[in-house]
Amino acid sequence: MKFSYNWLKEFVSFKESPEKLAELLTLKSFEVESVEKAGGDWLLNIALLPNRIPDASGHMGLAREISAVTGAKLKNDAFGVKKYSTGLIRQFLDVKVENSQDCPRYMALMIDGVKVKESPAWLKQRMELCGLQPINNLVDAANYTMLETGQPLHVFDYSKLDNKEGQKYENPNHKSQIPNKSQTQNPKNKKIVVRKAKKGEKLLCLDDKEYELNPETLVIADSEKPVAIAGIKGGKESGINSETRTIVLEAANFNPILIRSGSKSLNLKTDASYRFEHGLDPNLTDFAIRRLADLILRLSGENAKGIIDVYPQKTLPLKLLFHLEYADRLIGIQIPPQFYKNALLSLGINLEEKNKTDFIVEIPTMRRDLIIEEDVIEEAARLYGYEKMPAILPGIPLFPPEENAELFWENKIKNNLLGFGFNESFIYEFTGDKELAGFEEPAKDYLELENPTSPETKYLTARPLIKYIQQVSENLKNFDSTRVFGVAKAFIKDPVSRWRPGLNGGCERKQLILTIAQKGSKGEEEFYELKGVIDDTLESLGIAEYWYKDENCQFPISNFQLFHPYRKTEIYIGNQAIGILGEIHPVVAKNIKSKARIVAAEIDFSSLWQLAEKEAEYKPISKYPAIIRDIAIIVPFNIKTESILNVIENTGGEFLTDIDLFDYFYDEKMKNKSQKSLAFHLRFESKEKTLKDEEIDEIMRKIIDDVDKKGWIVRK
Amino acid sequence: MDSNELQKIEKTAKNEVSGAKNLDELNDLRIKFLGRERGALTLVLRNLKNLPQEERKIIGKNANHLKILTEELFEKRGEELKKTEFDSILKKEWLDVTRPGAKIERGSLHPITLVRCEVEKIFSSMGFGVVEGPEVETEWYNFDALNIPKDHPARDLWDTFWLKPAQTGADGTRKVAENFLRNSASSLRSSALLLRTHTSPVQIRYMQSHNPPIRIIAPGRVYRYEATDAGHDIQFHHVEGLMIDKHISIANFKAVILELFKKLFGKEVKIRLRPSYFPFVEPGFEVDLSCIVCNAKGCPVCKKTGWSEIMGAGMVHPKVFEAVGYIPRNQQGFAFGIGLDRITMMKYKIPDIRLFHSGDLRFLKQF
């Protein structure tokens, strides 16, 4: 909000330069964003805090704040206003407020014989400095007074108010309302009615736009039709023009929620609506309307016909208890009672000392932001100065923080992958129709946003995997090989279909995504490499019971469509599927123009970490030497390694402690014969004795026999 | 055979052995002088038996002496030659040490992960636990419970992504909201779904299930509906902090936060508190950090003010305590929210916030 330095000086006798003033206000009140020299004046751009709009959005209010932070005295003479009788106006105008909840106070003041002309130069200058466009002396006076007092004001042309069907709006529903002197009906009078708009009502406003009003919009109407949107914008027809002779000034207080929703539904924000939606002081209207009348009379010397004030329920100052001990405790140091007293008084807060430790404070009604004791403590604290408060480490009992196991495992995994040469990346959690189509993902499974910023943020992503694949594909433009991983949230619309029952603690799950891509590679090596990374990752979590399965999968078929149909497997821990490892389907890779095959894993971290086991235990090293034997077997190409391992393990017996595949080989010739060769190191070991060669020879013979029985060939 | 002959052998041996150019030559010489069959000295010793006793004694003694001497000569020269030959082998193994080292691909963690871990470590050392919460939140947790009622202009401070209401799942009946709310305590309160605009809802969830004293931080991803530029993105990261006990004060807040920044930036920093307004705290303040780029001297980063705005904070508002079911005035404490992206940008001098989610390895591999 814009303020004139010189104007402020008319209300308070401070000595600070514009820059010094800006610094003081920034540290003690609210941020002054800039100070600009403008002619002989300075413009202060102030980021007024939203709760200080009611009291400090006018120059007079800001002057009060300046007085409190600088200690300078207010110039009381500058705050004066004349008195206006309630006299003649009642012979011309009735004001009716249908619901005082919507409009706690409505004041009208009538002035006759005005001359519409250009405003004097001094007034125009100030308005322009504060960012308002001068129009004519009457409208400018209203705006000027708003800048001065913070109260939005409006001026109607009395002659434009309609009176055709004077009785029409005596609504029978409101007969119970307490009769108010100023609301006495006089059939000859024109009427101002504050009511909700009726369905289908429209209003052409001062901005030359026609607004369709809805029954939630509060309007100012005459006997016939709306003449202004209450607190937001005036109507064009009832506005001031060069012919205007008699005017009605309006200073009202409206329900902030109503103004806010009205302004939102009409998509119309104005200076007035901004101020009203922050909830102004109903007691401000009286001062403001008289201040405006004074100014208009001064500008073109007409005569006032009196004032109407509809204010059924007066807003009274709030009284609160202020405990000195509590204030000290919240701030953290002892501040002398005298300081509190002076600080509060300087802000216009009256107080009486209830006893030695407590004050009863009376909050001026303009300080709508001071509602509870803590609000008042803040007033004292900021005037005391946060910079003067010492930094004191809290003295509290020592106890170690509760450990977050999920984060512990997440960090452990991340550090592991760092060691494997993986780069961590973050993704945007949004996606759109175009991206989903590229991955052949069904958009109906994705949670939709009410208000996306663009078509690319239409949905929340249910599969972080596709975001990572997209990133990998982009990176392959700059790199020949990539190893990218990340932990991201999957927002799953229907957990039952994507995750088997029992897993659905909510729709939001953390997933661990791993990817490897290598230009020029056929993807086979990368598949086994990533599988090895997963093995090691699981082992580092103390998980031993992991295995891989390639048929009768637990995850729904739709989850596999992203993957190569013959290069995918489900990762299991015990009997629980926790993820998928596979090569991204070559068709998908082509769709997204990837320059290499991409192998990826999609792992449900939310289930994974709960299966992790922290207690690692040392396993004794056998005192007896181990015997290593090698065996190479030629098998038909489609035989799974697992089947061969099963045969060896079954026959190997208790001494066979480890089988290590060290060669997996086929050349063109073997491929043509649909053969491959696998070679294993077999490790035999006993905890109790030194194994004899003869014992192992015997076991090896049995293994070879069993391999033979399968029709496989043991290479000699 | 006489002593002259021995002298002659000695002389030749000395000359020839020390002149041997390599181990092969030396070996030939060994055969020439000490060879079992035809070595010069061997022959002398073999002929001793043909000499008269007197002469045999003297010559024998001298010849044996010469034999030892000659063996020593061979040994000495042998050592010399071995050394030279090894040296020449080593010489052939010369490496060009100016050639660049082999590239071993190292992995990297995201810069925000690095700073987040650092922040978590610092707070852990002060006894703060680390807590996470959902990113899709209800209106009640994100706003109402934090004293930001509906239709209050303060809501404009948080531009919010909303989820479409009552979306049905693939089975056609299940309301999505029910799934999200299954574990939350607010089934009937404002339950419109949104993407959390701060991690403050985590403090509400935590206070609902824990009693004071409380010391937690809540790091995590947050979302804002806004136009993106170098300084703004639609998703970024927050750390929310909460400390509640009987006497936790503003002075305590200053000390804890100073500790954080000193450790995080590894140097003496200053902080400045300015009055501000956040509905969930009272008093509320904005915290400025002395600019770490220019050490508060004034530079383009801090817009020549020497300060950069770094967090919002304050003393937890009684309405928030009320919302989580605490007895008013039984406890007090501070809460703060800090932008991780902003600190990370300061720490590594990263100019554009959008790099964080770009996935660009040219950026990520630098950390």
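Computed quantities for the displayed model
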| read-out | value |
| --- | --- |
| 20 Å Cα-Cα reach of B:LYS349 towards lysines, excluding residues that sit fewer than 8 places from it in its own chain | B:LYS262, B:LYS263, B:LYS267, B:LYS270, B:LYS297, B:LYS303, B:LYS304, B:LYS365 |
| Relative contact order [Cα under 8 Å, 6+ residues apart], the stretch B:24-124, whole percent | 16 |
| Helix-only CD estimate at 222 nm, as mean residue ellipticity for chain A, using -39500 (n - 2.57) per DSSP H run (n ≥ 4) | -9000 deg cm²/dmol |
| Under 30 Å from the Cα of B:LYS83 - lysines, other chains or at least 8 residues apart | B:LYS8, B:LYS11, B:LYS14, B:LYS21, B:LYS32, B:LYS67, B:LYS91, B:LYS92 |
| Net charge of neighbours whose Cβ lies under 13 Å from the Cβ of A:ASP667, counting Lys and Arg as +1 and Asp and Glu as -1 | +2 |
| Listed residue pairs exceeding 19 Å between alpha carbons, taken from A:LYS115/A:LYS225; A:LYS233/A:LYS314; A:LYS196/A:LYS225; A:LYS199/A:LYS225 | A:LYS115/A:LYS225; A:LYS233/A:LYS314 |
| Accessible area buried at the B-A interface, both sides summed, 1.4 Å probe (Å², nearest 100) | 7800 |
| Cross-link reach list, aspartates and glutamates versus A:LYS269, counting only Cα pairs under 16 Å and skipping chain neighbours closer than eight places | A:ASP207, A:ASP208, A:GLU210, A:GLU212, A:GLU277, B:ASP151, B:ASP156 |
| Farthest toward positive dipole pole in the stretch A:405-611 [+1 Lys/Arg, -1 Asp/Glu at C-beta], among A:PRO586, A:VAL484, A:LEU418 | A:PRO586 |
| Net charge contributed by nearby residues that have their C-beta within less than 15 Å of A:GLU352 (K/R +1, D/E -1) | +1 |
| Cβ neighbours within 10 Å from other chains - mean over A:422-433 | 6 |
| Carbon and sulfur %, accessible surface of chain B computed with the full protein complex present, 1.4 Å | 52 |
| Partner chain coverage, peptide A:382-393 - average Cβ within 10 angstrom | 5 |
| Pairs beyond 24 Å (Cα-Cα), from A:LYS519/A:LYS549; A:LYS341/A:LYS388; A:LYS489/A:LYS595 | A:LYS519/A:LYS549; A:LYS489/A:LYS595 |
| Order by protection proxy (mean Cβ within 10 Å, highest first), peptides B:215-226, A:75-86 | B:215-226, A:75-86 |
| Ranked packing of B:25-31, B:118-124, most packed first, by mean Cβ within 10 Å | B:118-124, B:25-31 |
| Lys, Arg +1 and Asp, Glu -1 on Cβ, resulting dipole of the protein assembly as shown about Cα centre, debye, nearest 20 | 1680 |
| Alpha carbon convex hull of chain A, volume per residue in cubic angstrom | 256 |
| At least 20 Å along the helix axis (C-alpha) and Kyte average at least -0.5, DSSP helices within chain B | B:111-125, B:250-265 |
| Ranked by how many other beta carbons lie within 10 Å on average, peptides A:636-642, B:281-287, A:219-225 from highest | B:281-287, A:219-225, A:636-642 |
| Dimensions (Å) - chain B, Cα atoms, principal axes, largest first | 134, 58, 41 |
| Isolated Cys in chain B, by beta carbon distance under 4.7 Å | B:CYS117 |
| Low-density loop cleavage sites - trypsin sites (Lys or Arg not before Pro) in the stretch A:189-297, where at most 16 other Cβ are within 10 Å (DSSP) | A:LYS198, A:LYS199, A:LYS209, A:ARG245, A:LYS269 |
| Pairwise label distance in nanometres, A:LYS412 with A:ASP208, each label 7 Å out on the Cα-Cβ vector | 7.1 |
| Dipole axis of the protein assembly as shown (+1 Lys, Arg; -1 Asp, Glu on Cβ), positive-most option in B:GLY101, B:LEU34, A:TYR624 | B:GLY101 |
| Cβ-based charge dipole, chain A, positive-most Cα from A:VAL635, A:ILE331, A:THR244 | A:THR244 |
| For the stretch A:438-446, Karplus couplings with θ = phi - 60° (6.51, -1.76, 1.60), whole Hz, Gly/Pro x | x, 9, 6, 8, x, 4, 5, 8, 10 |
| 10 Å Cβ neighbours from other chains, averaged over peptide A:323-334 | 3 |
| Prolate/oblate/rounded label for the stretch A:2-79 (Cα gyration tensor, a/c 1.5) | rounded |
| Label-zone membership for the stretch A:382-413, site B:ASN211, 7 angstrom Cα→C-beta point, backbone N under 15 Å | none |
| Å² per residue, accessible surface of chain A at 1.4 Å | 46 |
| Chain B - percent relative contact order, Cα under 8 Å, separation 6 or more | 15 |
| Quotient of Cα Rg and 2.2 N^0.38 Å for the stretch A:318-386, N being how many residues it contains | 0.98 |
| Share antiparallel - DSSP beta bridges, chain A, percent rounded to 5 | 95 |
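The values are calculated or read from the model by the stated rules, or taken from the named source; none is laboratory data. Source: prediction; values computed, not measured. All Cβ positions, even for glycine, are placed from backbone atoms using ideal geometry, and neighbour counts span all protein chains on display. These area figures cover heavy atoms from the full protein model, side chains too; ligands, DNA and RNA do not enter into them. Shrake-Rupley method; radii C 1.70, N 1.55, O 1.52, S 1.80 Å.
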